[in-house]
1. Cut-off 12 Å, label point 7 angstrom out along Cα-to-Cβ of residue A:115: give me the residues of region B:142-162 whose amide nitrogen falls inside.
2. Residues of region A:277-314 with the amide nitrogen closer than 18 Å to a label point 7 Å from the Cα of residue A:370, along Cα-to-Cβ, please.
3. Pairs to check: B:46/B:291; A:88/A:270; B:223/B:294. Give those whose C-alpha atoms are more than 28 Å from each other in this structure.
4. List B:2, A:351 from most exposed to least, where exposure is judged by having the fewest other Cβ atoms within 10 Å.
5. Can you tell me what share of the DSSP beta bridges in region A:401-552 is antiparallel? A percent to the nearest 5 is fine.
6. Roughly what would the spin-label model give for residue B:4 and residue A:63, points 7 Å off Cα along C-beta, in nm?
7. Which pairs, out of B:81/B:237; A:292/A:388; A:298/A:388, put more than 24 Å between their alpha-carbon atoms?
8. If a/c stays under 1.5 just call it rounded; otherwise compare a/b with b/c (prolate if a/b is bigger, oblate if not). Do that for chain A, with a ≥ b ≥ c from the square roots of the Cα gyration tensor eigenvalues.
Amino acid sequence: MKEKDKKGSIFSPFKAIGCLFKKPRTLRYPFEPKEPALRCRGFHLNDWDSCTGCGNCADICPNEAIEMVEIPELESRPKEGIKNERPKVDYGRCCYCGLCVDICPPGSLRLSRDFFHIHFDTSTFTLIPKDEATDKEHFFSSEEYSVLKASLTHRKRDYEGFKSDLDYCLFEPERIPMPEVPPEERRLSFIEQVIGYNKEEAKAEASRCLECKLCEEACPAHLKISDYIKAIYEDKPDESLRKIFEDNPIPAICGRICMKHCEAACSISKRGEPLAIRWLKRFAADTIKDYKAALELKPGEPTGKKVAVIGAGPSGLSIAYFLALRGHKVVVFDSLPGGGGMMRIGPPLYRLPIEAIDKDVNHIASLGVEFRFNTTVGKDILFEDLLKQYDAIHLGIGTTVSRSTKVKNIEKALLALPFLQANKIGKPPSVGREIIVIGGGNVAMDVAREALRLQYMQYPNQKVVTKTVSLEDWDELPATDEEVEEAKAEGVQFNPAWGPKEVKLDQDGRIKGLLCMKVKSVFDEQGRFHPTFYEDEEMFLEGDMIIEAIGQGADFSFIPKKLFEKLEFTPRRKVKVDENGMTTIPRVFAGGDIVNVNLDAVTAIADAKIAAEGINRILSGEK
Amino acid sequence: MRELELYFGPQHLGMVGNFSITLKVEGDRILEAAANPGYLHRGFEKLMEYRTWIQNFPLVCRVNVIEPDHIEMIYAMAVEKLAQIEVPERAHFVRSIYLELARVGSHLFGLWAYANMLGFDTVAQWAMYHRDLVLDLFEELTGGRVYHIYIWPGGVRRDFPPGFTDRIVHTLHSIGGCVPDYNSTFFDNRLFYERAKGIGQLTQQQAKEWGATGQTLRATGMKYDIRKVEPYAAYDKVDWEVPTRKDGDAYSRILVIRDEMIESVHMIFKLLDAMPEGPVYTRMPNPFKWKVPKGEAYVRCESSRGELGLYLVSNGGDKPYRVHFRTPSYPHGLIVLEKLLRNASIADVGNIMISLYVVAPEIDR
């Protein structure tokens, strides 16, 4: 069947003549400029202040148009996750796809609506993008700007085009929630609060990692974080654990209580939640039941050298591990009945169970390290004898003496460490119904939350109160936000910016409460700890039990006086060590809380790595 | 008369695109035609094996310069099929509207090429102007005028900006309002009728045998459109017609293109009315760790030129193992064209080629 066609007329096109009397549709560019759309993908803009130098833009660029270049005048701040590198874009290769914008974790990289650059010299086609805030010279206001001069160095101000949007970005800003025991339930016992990721959750969380490695620079021990997270993602927990053990021999401990400097540096944390690096390490450590079988580590060829390690805390355990791998004979002395040092007595059971500690310690023992527990150096064995019998000594003694506020009647109060120790590895003390904890740091939180648990266990279904009083105000509390929030959720009451004045007693000499005074300021102008008070502004806190948790000091009494005189300290009262980790006493090395100011496990491991290298170098006769 | 070998393109006024046909002619009659592609070979299929799944996303659109959108769509569809990514409901609508806008823009470009080819310069300029209005919409939605880089696995890259719906409606009304002008100057023009009627004619049987799809097939009377046969995006959510003609010649093909453009405009209005609220993007996995599960997928969609297919194989790695495009211009430009040129006159070479809607970059890739 043939279709009927409309053949049309040869005169019909003459209708177009009407157009002669209409206005032209074309623009007389550049006299009638056309404004690009708001999402226009033109040249880059980069906010140097929020750019972290993570290099994800360079990694995702399909054309390898972006290169990270070091900017010497910028400062690298590894702890904040800031590198002094900034992207440099080659506009000969850039295809303006904007993937770099969608992957940029801080959202500093954007595209502008400028897109003209004409030049005979191809070297002008590369640019280290900045924006008008950091580059006043090349950005012009709309009055000064001329499209005839438009180039990479003649740009318009406030001309942002395609920009980052968290709903459409290429990374996942939210972390996989960690399953936890709810506050109402966990405060009734010492059950471990954090349940831990299962395999799927761990894989999903690991999949968020962008592998920019800012975390590795922030970590004091420089763990190969992105590698071990990648191994978890690839379902290879053995491989992950091997990567961890290159730098950290106590993952079950660190996976629970690490201060996670890495997470503060995580590039995703700039606009989202950082990767749960600590929980992933814990996952790797908990998943592998038998470290030894998975790691297949072998102690090094025996060197015949002997090293005594005093203190089986994180620094002592780590140095024992690193030295054992190099074939040195290591003997660890500790006055506690088991390994872990402060980890064994400090962190409450709901954060760090004994089994996790023993798992790490037993593995180190299996490498041939000899542990002598219940042995106090200075009492059971003399320091000077150790110095004679061993080729080197490492001091990882930590800070084991709780400090006291020394206000009136404070001798009636308990100290934090003995209280925590009794709870964890001794017999839990009987507590009062209304407990006052003095202090605002993490130890004070541990004490308060343990005290609360004991109250709930000892006075079931009765009214009990635990309150803390701290010099610091809410915004300067030294405890981590996480700890404060968890303590609040469990019902601990806070009295920030109050200082203890006097412990009030009743007629029988029992504690009645704590008289407090309002804090004026905690630190002086130089930022040193120097609290001042409004003496007349007082508050009375009722309570029948007071625990002090205001800090700890180290106990060097085991070192004979003559030797101790040789031991030098830094202005911040830390043991002075050289680049080998050696103190001013020859052959005596030190690490951990007596050396660094971070006062945490991972920095102790970092110290131990340095000292292990130093000891090895000196024992093998290198200079 | 003496037999001559004639090179038609790539440097030839009648040639649109980087393409060439070697003709064996006797006088004005073509004895044999051999399509001679390769001038635009960029090796995308191989290149894609060396780029991660996300890095391929800004690359695929470059396969077809005139209409990058459908290529983005099949890449997203194939990856979604292999990686089992769910696409939100609204994203299906946004994709359909976007693809129909692309069809309008592409057909206007085709109209420019055809009118220009035949010497109807006024119409050609109009079509180019109207295509520019569509590009303005793309620029506002995606940030790019030519390479939009918009449909990605999991949905689309950004939602409509505020007031965008109104601007689509406004633009389409102003294009639609000019259809009578196009009719009077081009489609209802006797000169055009005489120039296109009966040129490059093929039967439905031949069209099927030679692998023709799109307008070339529909102009022979067959109602075959992937959007109906195997609906994707939101094409099954609204009612629309597949325009066809019976004669299978250049004239019918161009009229099918015109009717399709009008149908697309109507479809966009219906889609805009039916479009639900909600998210338009399901987050893709971390691009640096993304491994698409092992498997192979063949997906297809109805591009402006016909059936566009993508065969994608993953061996479970972070990059495709093998990519192969089935582009509609390939059979049109290499098989159908060669056969239709036999016995045609030299003056009709460009006429037939452009009426088949051949786009050289699609053939070469």
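1. Inside the label zone: B:142-149.
2. Residues A:299-312 fall inside that zone.
3. The pairs that break the limit, which is 28 Å between Cα atoms, are B:223/B:294.
4. Final ranking by Cβ density, sparse to dense: B:2, A:351.
5. Among the beta bridges of region A:401-552, antiparallel pairing accounts for roughly 50 percent.
6. Each label point lies 7 Å from its Cα, and together they span 4.3 nm.
7. A:292/A:388; A:298/A:388
8. In terms of gyration-tensor shape, prolate.
Every read-out reported here was derived from the displayed coordinates using simple, explicitly stated rules and does not represent laboratory data. Model, not experiment: these values are computed from the prediction. Don't worry about glycine lacking a Cβ; one is built from the backbone with ideal geometry, like all the others, and counts go over all protein chains shown.
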